[in-house]
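The values are calculated or read from the model by the stated rules, or taken from the named source; none is laboratory data. Keep in mind that this is a model prediction, so the values were computed, not measured. Cβ coordinates were reconstructed from backbone atoms using ideal geometry, including for glycine residues, and neighbour counts include every protein chain displayed.
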Amino acid sequence: MSDTNIQDIISKNLIRLMEIYGINQAQLAEIAGVSESAVGKWILKRNAPRMGAIQKIADHFNMPTSYLLHETSPLVEFDNLEKEAEKVIQFPETFTVGIADTARKYLRHMGVVAFSGRDYTTRSDEEVVKMANFIRQQELNMQQSFNTLFGDDDQ
């Protein structure tokens, strides 16, 4: 594999990673512990990242480094645009029956398959909204607790 080929692969995988997680080059640079211009060079295929930076990115997103280094990475194969959009969608604090489809997307986004042993995909709009509101409230409570404990630096 030539250097140009690995640069092409890494560039494609990093672009895909940023799309999936809704992050920009500056955020990726912070994660990798490098400058934004270094990430720009990776994206433009002018340089390849060092393994230390690859490892930091992989660790941050809880994935093997192979996802960034191989042409057949699941990042490249991940072509479901609805799932991509769900990664960056801003969800409301509460759901109503009128936006039950958004509540279903939220549950999918949160990785919920079943709620108390109930498959939410077969439930009524009212039940889905109740499930989504319960989980959303827990998420917001955790965010508030985290901000109280560690400060509100990210907002």
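Look at the stretch 58-75: where a residue is in the same structural domain as Gln27 (by TED's automatic domain parsing) and at pLDDT 80 or above, no partner that is of a type in the set (Lys, Arg) and assigned to a loop (DSSP other than H, G, I, E, B) sits 6+ places away or on another chain with Cβ atoms under 8 Å.
Does any residue of the stretch 101-116 turn out to be within 17 Å of the chain's Cα centre (by Cα) and modelled with pLDDT of 80 or more?
The answer is no; no qualifying residue exists.
Considering every residue within the stretch 42-50, establish whether at least one is in contact with a Pro (Cβ under 8 Å, 6 or more places away or on another chain), farther than 15 Å from Glu71 by Cα and either in a helix (DSSP H, G or I) or in contact (Cβ under 8 Å) with a residue 60 or more places away in the chain (or both). Yes: one or more hits.
Is at least one residue of the stretch 17-24 under 14 Å from Leu69 (Cβ atoms) and modelled with pLDDT under 95? Checked the stretch 17-24: at least one residue is under 14 Å from Leu69 (Cβ atoms) and modelled with pLDDT under 95.
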